Amino acid sequence: MKHLLKLGDLSREEIYGILNLADQLKYERKNNIRHPLLAGKKLGMIFTKSSTRTRVSFEVGMYELGGYALFLSGRDIQLGRGEPIKDTVRVLSRYLDGIMIRTFAQQDVEDLAKYGSIPIINGLTDYCHPCQVLADLMTIREYKGSLAGLKLCFVGDGNNMANSLIVGCLKVGMQVSIACPDDYRPDAGVLAWAKEQGGLTVTSDLKAAAADADVLYTDVWASMGQEAEKEAREKVFRGFCIDGALMKLAKPDAMVLHCLPAHRGEEIADEVFEAHAGDIFDEAENRLHAQKAVLVKLLK
Ligand code: CP
Ligand code: NVA
């Protein structure tokens, strides 16, 4: 494993390797066992979109591993004024030991890996969000003991989260159902790949999708970059919501996860969010542990 560009590039064994290391790092942190595995290493973090969890967890993660993280706002570096990705990364490769990037086009992340000579980590693109799904799988395994055979139902837009959940969950042997409006299905390439694997259903029938789910998952109706579509999306997605009625269709011990930030009253009802706040904030915490594991695997 040289980069983390998308989960499709990882084998089942590599995913479990990250999850196992993440569990170990979490245990050590809880027991005040220091682990400066990346002493002296430097991570550049390029953001051309907003972030709370990804930024803070990567920065704190590098600190706890003994390394250093630099926040590089897309607005402030020359990339924002048109310096090509392939030049930027050839320069940054001379200074840094790795780059984490959050941006729009997946191609930009792939180009960093192609033209640079250091590990590249995808911190979210329009196409996928692999770091989030590694933390999600870690959280599900913590609560359920194992992953294979569990059913995850994703409610809402067939967006970056849906794409990564499909790939990550199928790779570890889970079943996935996606409940989305017909015109908002996940990426066609992801769906074609999933068809070969088996284990995925995509439907606009929310109730069928949620039946007997072990995990209910949702995300915002309008992602970063889709602000202009917000009102139109509110109409299309109305009803694609995890509420008390939908919870009754899932397994009685079903977990509820949300990558956050959440819009209560849209994709999730406030009472469901608060009843499952334990699941959701454990999931958010696990971003730190899962990403530290990725950093150690790639930068050590
Ligand atoms: N879930 C997630 O990636 O959160 P941020 O946008 O705050 O980084
Ligand atoms: N789909 C959301 C996820 C945020 C973590 C977005 O891209 O804005």
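Table for the structure above
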read-out: Tally, over segment 269-300, of residues that are surrounded by fewer than 18 Cβ atoms within 10 Å (Cβ to Cβ) and within 16 Å of ligand 1 (Cβ to nearest atom); value: 4
read-out: Residue match in segment 7-22 (condition: within 24 Å of Val89 (Cα to Cα), touching a residue at least 12 places away in the same chain (Cβ under 8 Å) and assigned to a helix (DSSP H, G or I)); value: yes
read-out: Number of positions in segment 60-80 that are within 16 Å of ligand 1 (Cβ to nearest atom), surrounded by fewer than 17 Cβ atoms within 10 Å (Cβ to Cβ) and not β-branched (Val, Ile, Thr); value: 3
read-out: So Ile101, is it part of a loop (DSSP other than H, G, I, E, B), touching a strand residue (DSSP E or B) at 6+ places or on another chain (Cβ under 9 Å) and touching a residue at least 24 places away in the same chain (Cβ under 8 Å); value: no
read-out: Count - residues of segment 75-108 that are of a type outside the set (D, E, K, R), touching a Lys or Arg at 6+ places or on another chain (Cβ under 8 Å) and within 16 Å of ligand 2 (Cβ to nearest atom); value: 3
read-out: Qualifying positions in segment 126-173 - within 11 Å of ligand 2 (Cβ to nearest atom), among the charged types (D, E, K, R) and in contact with a Cys (Cβ under 9 Å, 6 or more places away or on another chain); value: Asp157
read-out: Among (1) exposed (fewer than 13 other Cβ atoms within 10 Å of the Cβ); (2) within 16 Å of ligand 2 (Cβ to nearest atom) - the single one Ile33 does not satisfy; value: (2)
read-out: Within segment 165-183, tally of residues that are in contact (Cβ under 8 Å) with a residue 40 or more places away in the chain and over 19 Å from the mean Cα position of the chain (by Cα); value: 2
read-out: Filter pass, Ala213 being outside any strand (DSSP E or B) and away from ligand 2 (no atom under 16 Å from the Cβ); value: yes
read-out: Residues of segment 38-95 that turn out to be in contact with a helix residue (DSSP H, G or I) (Cβ under 6 Å, 6 or more places away or on another chain), farther than 20 Å from Val296 by Cβ and either part of a loop (DSSP other than H, G, I, E, B) or β-branched (Val, Ile, Thr) (or both), as a count; value: 4
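This table checks each residue for (1) surrounded by 20 or more Cβ atoms within 10 Å (Cβ to Cβ); (2) more than 16 Å from ligand 1 (Cβ to nearest atom); (3) within 22 Å of the chain's Cα centre (by Cα).
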| position | (1), (2), (3) |
| --- | --- |
| Gly199 | no, yes, yes |
| Leu206 | yes, yes, no |
| Ala209 | yes, yes, yes |
| Trp221 | yes, no, yes |
| Gln226 | no, no, yes |
| Cys241 | yes, yes, yes |
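Bear in mind these aren't lab numbers, they're just calculated from the coordinates by the rules spelled out. Values in this document were obtained by computation on a predicted structure and should not be read as measured data. FYI the Cβ positions are ideal-geometry reconstructions off the backbone, even for glycines, and counts take in every protein chain you see.
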